[in-house]
Structure formats: C-alpha cells, structure tokens
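First comes the structure, then the notes that go with it.
The values are calculated or read from the model by the stated rules, or taken from the named source; none is laboratory data. Since the model is a prediction, treat every value here as computed from it, not as a measurement. Positions of Cβ are backbone-derived with ideal geometry, glycine not excepted, and every protein chain shown enters the neighbour counts.
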Amino acid sequence: MYPFKEGDFAPRNAWYVAAFCKDIGERLLSRWILGEPVVLYRKKDGTAVAVGGRCPHRYYPLGESTRLGDSIQCGYHGITFGPDGRCTRVPSQEKVPSVYNIPSYPLIERGLWAFIWMGDPELADESLIPSGEQIGYGLDGYVYKPVRTMEVDGRYQLLNDNLLDLTHLGFLHRSSIGNDGNASAPEEREVSGCKVRSRRWIRETEAPPLFADTSNFRGKVDRLAGMDFHAPGFHAGLHDTYVSKSDRERPGELLQSSKVYHAVTPATRTTCQYFFAYGGPSDEYVDAYSKSLWPVLDEDKFATEEIEKILQKSESLPPELMLKSDGTAVIGRRILQDMMDQEREKVGEPA
Ligand code: FES
Ligand SMILES: [Fe+2]
C-alpha cells in the first residue's frame, strides 16, 4: 500500500506510542493500533496494561465494558478477562478454556509516553525504545509536557513523510513557524540503523512570525532546526534560535530553545494517532507556546487528510516526483520497508 509495497502497511515488531502516560488511568481507554482494537488501563498497583479490545465471543468492544478490580467484564454477556488477557469467568458456564483468552501486549512507560509492542512478544526488546538521552528528554533547564493527541484520517506514513521533510515549514506553516530559509538551507543527514538525523542551520534570516513574537526580537537570526526519526514512528526535534552573528549588540545570543516530540501510530490502514509533546525553558513558556502551536498541528492534519482523500479517490496515481529534499523521507520509507520485508522473511522461515 502506498508508499510501500503492495499489501504492506506497517511493521508489527516495533514499539509504537499507544498513549501519553497521563491518559492511562482507572478508566478503560480504547485505541486502534495496527488495525487492532486495544484497551489501556492502570491496575490498582499503578502498572499500566494493554489488552485486546474485542471480546472473542460476539466482538463487543471491551473498552465500552466494565472494570472489575484489575479485570474487565464484557458489557454484553459478562465474560471476564484479567489484565494478562486470561479469561477468568464465563457467567453462563463452568468451563473456561484458554481459547477464550484475549491478547495482552507489552506496554512500557518511558518519559511522557507509553510504548506498546503489537508484534511477537518474544521479540519485545525494551532497549529499542528511544532513550531520554537519544531524544533530548529529561535535560536540566527544560520542562516537558504532552500537548495534544489527535486522530488523523490519513495513513501514518503521510505524517512520517511530513516530519522527515521540514522544507514544508516555509509554506504549510508560513504564517507561524516557517519561512523561505527552511527550504533553502542545506541539510545535514546522518543515518544509523533505524534512526535518521536531520539538521539545518538557517542563517541570517528574519525569524518566522511565531518565533519573532515569542522571543520579542525583530532582527536577523540564526536557527538550528533538527529532527531525529526513530523508526517506525517517533520523531524528536529541536529548534534553537540565536541572534545572528552579524548583530552588533547581541551577536550569537540564544533567544529560544525548544524540543518537540511527534509520535505517529498507525490506527488502521488509512488512519493514525498523532501525539505531540513539547519541551521548553519553563512551565509558563511551554503552556503559552504549545498553545500557539495548535494551528500548526491543524495544518499538518489538514494536509495529511487531504492527501489521503486524493490517494483514495484517484483511479490511478502517476509516479511521485522526487526532489533533492526528499532524501531523508526516502531513507525513512526504506527503513520501514526493510523492517516489513524482514518480518515477512521471518514468517517464511522454516521453524
Ligand atoms: S460479546 Fe462479550 S461476553 Fe458476549
Ligand atoms: Fe508540519
């Protein structure tokens, strides 16, 4: 399936963000992840768990059911499942065979995010979750907050493509966080395994409107804009703004430094969840600034959903036009395709 090989959609043996930790509580939280309904909740001892969200009896949604202690009682005919997915009670019969169990998924909380593993649980390696050090999370002098969870009617890779090509900032987000410099500045790229790092120094330009407003500086600035992609769906970005070196009074002064986190999780083949978090120098700053980023997120959602409509309505699609600036996105796609190819090969391997 576009932009991957026919039939391919998303790697399963990988960690995806299922929710912000703060959203997992006593209440049952329903999510679609990789085409499966999932229910998230926190047990009485505080541990967050994830189990399948479809009752195996008549497919009633377990997210719309009742929590009984650490278990879920299906809202239709009352079958009960423990937090490990084991069926513990069938009200209409004595026998409870193990085929009545529902899946339970590895779920690890790291920083602001709860990461889920939907694939083979034997392969769920915690060390594959991006560490705080790798993503610039937990640094002294920064406050980090979840900002927004969005349901997007577009396939997840459209958002990955968006985040892997920040030349769009000067156009889609021209009224807020971008200008011509975002597209014309040279990009430095580094690839290592399933990670792609992109950096752009945008020098001697006016700050885009939102940065000029928040930093209260109108002269020329130098900006460092970067994004690290941790496949399959986690993007950790940074944006630092300095007074330009050519300024007579404050050359090189740091005006603003922020961290942005975009996590993209496939919900179904053509929809996804988009989790945005932000890090900045103080609580007030993060609250005020992240609020002003809402329209920016709406623009990305709009672009993604409009492209999805084009994809779905087109009888046929001409080959995509590729630009020099697509290098990072092409690498990102290739990493995901390789992950899917490897999973397919593993399935085909003799036991
Ligand atoms: S559908 Fe869940 S118990 Fe019948
Ligand atoms: Fe964007």
Residue under evaluation residue 152, criteria (1) farther than 27 Å from residue 303 by Cα; (2) assigned by TED's automatic domain parsing to the domain that holds residue 297, criterion not met: (1)
Matching residues in region 160-182 - criterion: being near ligand 2 (Cβ under 8 Å from one of its atoms), within 19 Å of residue 2 (Cβ to Cβ) and touching a helix residue (DSSP H, G or I) at 6+ places or on another chain (Cβ under 8 Å): 162, 168
Residue list for region 90-131, restricted to those being surrounded by fewer than 17 Cβ atoms within 10 Å (Cβ to Cβ), out of contact with any Gly (no Cβ under 7 Å at 6 or more places or on another chain), farther than 30 Å from residue 342 by Cα and not hydrophobic (A, V, I, L, M, F, W, C): 92, 93, 94, 95, 97, 98
Test: residue in region 90-102 that is over 22 Å from residue 286 (Cα atoms), without any contact (Cβ under 8 Å) to a residue 60 or more places away in the chain and among the aromatic types (Phe, Trp, Tyr): yes
Yes/no for residue 166 being more than 16 Å from ligand 1 (Cβ to nearest atom), at pLDDT below 95, outside the structural domain of residue 37 (by TED's automatic domain parsing) and surrounded by 18 or more Cβ atoms within 10 Å (Cβ to Cβ): yes
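Being more than 12 Å from ligand 2 (Cβ to nearest atom), surrounded by fewer than 22 Cβ atoms within 10 Å (Cβ to Cβ) and modelled with pLDDT of 95 or more: is that true of residue 199 here? Working first, answer last.
Working: more than 12 Å from ligand 2 (Cβ to nearest atom): yes; surrounded by fewer than 22 Cβ atoms within 10 Å (Cβ to Cβ): yes; modelled with pLDDT of 95 or more: yes.
Against the criterion (more than 12 Å from ligand 2 (Cβ to nearest atom), surrounded by fewer than 22 Cβ atoms within 10 Å (Cβ to Cβ) and modelled with pLDDT of 95 or more), residue 199 qualifies.
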Within region 123-235, helices (runs of 4 or more DSSP H) holding 1 or more residues that are more than 29 Å from residue 269 (Cα to Cα): 132-135, 180-184, 209-215
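Could you please let me know if residue 47 is modelled with pLDDT of 95 or more, among the polar types (S, T, N, Q) and away from ligand 1 (no atom under 14 Å from the Cβ)? Walk me through how you get there before you give the answer.
Values: modelled with pLDDT of 95 or more: yes; among the polar types (S, T, N, Q): yes; away from ligand 1 (no atom under 14 Å from the Cβ): yes.
For residue 47, the condition - modelled with pLDDT of 95 or more, among the polar types (S, T, N, Q) and away from ligand 1 (no atom under 14 Å from the Cβ) - is met.
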Index of the failed condition, residue 30 passing every other in (1) assigned to a helix (DSSP H, G or I); (2) closer than 30 Å to residue 277 by Cβ; (3) within 16 Å of ligand 1 (Cβ to nearest atom): (1)
Residues of region 57-83 classified as within 12 Å of residue 37 (Cβ to Cβ) and either part of a loop (DSSP other than H, G, I, E, B) or within 16 Å of ligand 2 (Cβ to nearest atom) (or both), total: 3
Residue within region 244-266 that is within 15 Å of residue 156 (Cα to Cα), more than 16 Å from ligand 2 (Cβ to nearest atom) and among the charged types (D, E, K, R) present: no
Residue in region 303-329 that is farthest from residue 4 (Cα to Cα), counting only those that are of a type in the set (A, V, I, L, M, F, W, C) and surrounded by 14 or more Cβ atoms within 10 Å (Cβ to Cβ): 303
